[in-house]
Amino acid sequence: MASAAPPWVDDASTRIVLASAVLVPVVLWTDAPNAFQLPKATVLTLAAAALLVLGAVRAVSTGNVVLPRHPAAIAAGTLVVGACVSTLVSDEPIIGVLGAYGRYAGLIGYASLAVIAWAVVRRFDATGVQRLTRAVLLGLGISAGYGLAQMLGVDPVEYRGRGSDDIISTLGNSNLVAAAMAIGAPLAATEAILATSSRARIGWSALTVLFVVVLVGSGALQGPVALVGAGAVLALALILRLDGRSRRRGLRAWWIATATGLVTAVLGLFEVGPLGFIGRQSTLTTRRYDWEAALAMFAAEPVTGVGLGRFGTGYRIHRSAEAAVERPLLSLADTAHDVPLNLLAEGGVLVGVPYLAFVGAVGWALARGLRTLHGPRLVQLGGLGAAWTAYQVQSLVSFDVPALALLHWILAGAILVVAGPPGELRIALPLGAPAGTGAKARSVARRRTRTASVVGGVMLLIVAVPITRPLRADLAAGAATESRTIDAALAQISDARALAPWEPSYPMLEARIHQQAGDLGAALAAFADAADEDPSALDAPLSAARLATQDDATAVARERYDDALRAEALAPLLKAEIGEFELLHGDPERAVTLLEEAVARDPRQADWWIVLGSARREVGDRSGARAALERALELEPGSELAAERLRALG
């Protein structure tokens, strides 16, 4: 007979999931440069580690391991295994484990999400899911309240990186705020519908209104679009509660409205119809560049992808020439701004396909539950499905960060529970379950539990050290920026680099500190370290080249500019800058080559044509110089510099 685990194990697991649902959307640490996503990722990972320890204690106590038996669980497990393989073959495994700085959507992040989703399925029933929903609403309600305060001109935290009009709340980005509010609104509305007292109904309705107000105040388009998708699912659940003719009429109207909305939205992407303004959004244009680059990465590495967290590295290689022209020189996309597409680009079919299978399996469970459930449980599932749909809609134009990703996986687990609890697969451990039900069996179970608890607690303390290491490094970097003396700042940034030697932003910060102190040699060395950490990055070699130019270190500047050109072969702005440098430092032939490449890619810049005219004159091409200067005057008729140099040609 199988022995039961101690009640405190299950209770602790439940409390950890509930605490995660509240804390991850809310927690931030303004002393860290990455004040929002890194603290959230740390809390998320610590929670998953604690759940794993509790799972181990349960397994030792009962003598068996319990795994979920559901297509969604198989897909989630396959995703984690695929992420492991993709990370192992990556050029930068540590980035694959952690994810890109500021995103943290790597192996450890998705493994943590899978653990928490399984804990939801394992520890909650339909009644417990209501507690979980309210925990989610508590966290999102705090975030919404903070967003409302910012809308009213009050910011109690006063994060120094926030613009005066930005509504970033506890999430760090107005788009993320809008997405979170779109997820919270249908959950709160469902609570209002199911409320049994007028006071509760008024309270939940007020929270729903708060979410919508902050969503609109954020100014981000993806929030309203996600909310419309959520509303459609919740409306469907309410219609399915009806009987007879009312139900048939409601379903007919729902299908007509849904089809009309989808067609109108698709036409809007092509700048047609009443939603044509969507297609004209400048942010949509930049996202198209990201999507094209993601597809190119997937085509180049279809099995394992370019590596988790390495979208930015692949972007410069795989983006289109048009993107290189239109995006600013140092504007590097570090995500596809489409969660499924990003996973296909970074993890190939090993990660992207299991993720799509996971989403599909949860969606199928939702659809099945909407068809078969009745009464309050149908409405409960409709609210969960609506929030889950809001996430899916916004994920097509956004990226995973810890708070939104956690909401997705918690909602997925909750949907599986309410739609019909998944089966379980029990695997007996070699140690076996304590035999019998007498005092001896109970004594054996207690000894096992104590031993497992002590060992698990020690292991949790041990793994907490590497889990918190990125956050401790970022706090040291933040302290460096606030230090009053150069020596103190350098000591702090040295600690940051020692804790996170893989992170190129820290040597970049050290270089800035040396530059501020006037130690140009040390600054150049730190820039070189940053370039070594991420050879594909442009800002380190470009900053070093500009600094060396100011210091009249021409040979060093030329070498760093060459590094920049290897990292960025397409951008015409970089070629124009290097071309002007070569003109001023004795190599007009190379200047002509680079500037001609620059104007060929982007012929709209009058300044480049002027410099090209000067470079052609230096190599004796007077007719070419005249043509370049005349072109500059066509673009900018009032340019005195172009007119003066044209007159000098005679």
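The values are calculated or read from the model by the stated rules, or taken from the named source; none is laboratory data. Keep in mind it's a predicted model, so treat the numbers as computed, not measured. Virtual Cβ from ideal backbone geometry, glycine too; neighbours counted across all protein chains shown. These area figures cover heavy atoms from the full protein model, side chains too; ligands, DNA and RNA do not enter into them. Shrake-Rupley method; radii C 1.70, N 1.55, O 1.52, S 1.80 Å.
A few comments on the model shown:
- The residue among Ser143, Phe311, Gly385 whose Cα reaches farthest toward the positive pole of the charge dipole of the chain, with charges on the beta-carbon of Lys, Arg, Asp and Glu, is Gly385.
- The alpha carbons of region 531-598 occupy a box of 33, 27, 13 Å along the principal axes, longest dimension given first.
- The long axis of helix 520-533 is offset from the longest Cα principal axis of the chain by roughly 50 degrees.
- Scalar couplings 3J(HN,Hα) for region 127-139, obtained by applying the Karplus form with A = 6.51, B = -1.76, C = 1.60 to θ = phi - 60°, are 5, x, 4, 5, 4, 5, 4, 5, 5, 4, 5, 5, x Hz; x denotes Gly and Pro.
- Evaluated at q = 0.10, 0.14 Å⁻¹, the base-10 log of the normalised Debye intensity for region 297-407, with identical point scatterers placed on the Cα atoms, takes the values -0.39, -0.67.
- Cα point-scatterer Debye curve for region 260-331, base-10 log of I(q)/I(0) at q = 0.18, 0.20 Å⁻¹: -0.77, -0.85
- Label zone at Glu322 (point 7 Å along Cα-to-Cβ), backbone N below 13 Å, region 288-312: 288-293
- Taking 7 Å steps out from each Cα toward its Cβ at Trp8 and Leu633 produces label points 8.8 nm apart.
- Contact order relative to length of region 82-238, as percent, for alpha carbon pairs under 8 angstrom and 6 or more apart: 18 percent
- Farthest toward the positive end of the dipole of the chain, out of Ala100, Ser614, Val339, is the Cα of Val339, where the dipole comes from beta carbon charges about the Cα centre.
- Inter-label distance, Ala491 to Ile142: 3.4 nm, where each label sits 7 Å from its Cα along the C-beta direction.
- Extension gain for Leu461-Arg377 works out to 26.2 nm (0.36 nm per residue, less the C-alpha to C-alpha distance).
- Short to long, the 10 Å bins of the Cα pair-distance histogram for region 188-250 hold 20, 37, 33, 10, 0 percent of all pairs.
- Accessible area per residue in Å² at 1.4 Å probe, computed on region 483-631: 45 Å²
- Against the rule of thumb 2.2 N^0.38 Å, how large the Cα Rg of region 295-359 comes out: 1.11
- Tilt relative to the chain, helix 486-499 - C-alpha long axis, 0 to 90 degrees, to 10: 50 degrees
- Trp409, Trp8, reordered so the largest accessible area comes first (probe 1.4 Å): Trp8, Trp409
- The spacing between region 443-498 and region 605-626, judged by their C-alpha centroids, is 58 Å.
- Cβ-Cβ FRET estimate between Val619 and Thr260, R0 fixed at 60 Å, reported to 0.05: 0.40
- Helix 282-300 vs. the chain, principal-axis angle (Cα, 0 to 90°, nearest 10): 80 degrees
- Compared with the alpha-carbon gap, the fully stretched path from Val216 to Thr283 is longer by 22.4 nm at 0.36 nm per residue.
- Heavy-atom accessible area, probed at 1.4 angstrom with all protein chains present, ranks Glu582, Glu577, Glu618, Glu533 as Glu618, Glu533, Glu577, Glu582, highest first.
- If the convex hull is drawn through the Cα atoms of the chain, its volume per residue in Å³: 186 Å³
- Surface composition of region 78-203: carbon plus sulfur atoms hold 59% of the accessible area, using a 1.4 angstrom probe and ignoring ligands, DNA and RNA.
- Estimated FRET transfer efficiency when R0 is 30 angstrom, pair Leu584-Glu640 (beta carbons, to 0.05): 0.90
- Point-to-point label distance, Asp562-Arg450, nm (Cα→Cβ direction, 7 Å offset): 7.0 nm
- Remark: region 301-392 carries 32 Å² of accessible area per residue (probe radius 1.4 Å; ligands, DNA and RNA excluded).
- Each part gets one Cα centre, and for region 204-224 versus region 15-35 those centres are 21 Å apart.
- Distance from the alpha carbon centroid of region 238-304 to that of region 118-154 works out to 27 angstrom.
- For region 76-217, convex hull volume per residue from C-alpha positions, Å³: 132 Å³
- In region 533-649 the Cα-Cα distances spread across 5 Å bins starting at 0 as 2, 13, 21, 20, 18, 12, 9, 2, 1, 0 percent of all pairs.
- Fully extended contour minus Cα-Cα distance, from Asp243 to Ser483, at 0.36 nm per residue: 79.6 nm
- Total formal charge among the other residues, if their Cβ is under 12 angstrom from that of Leu404, Lys/Arg +1 and Asp/Glu -1: +1
- Per-residue [θ]222 nm for the chain (sum of -39500 (n - 2.57) over DSSP H runs n ≥ 4, rounded to 500): -25000 deg cm²/dmol
- Figure note: Glu301, Glu589 ranked by solvent-accessible area, largest first, 1.4 Å probe, ligands and nucleic acids not counted: Glu589, Glu301.
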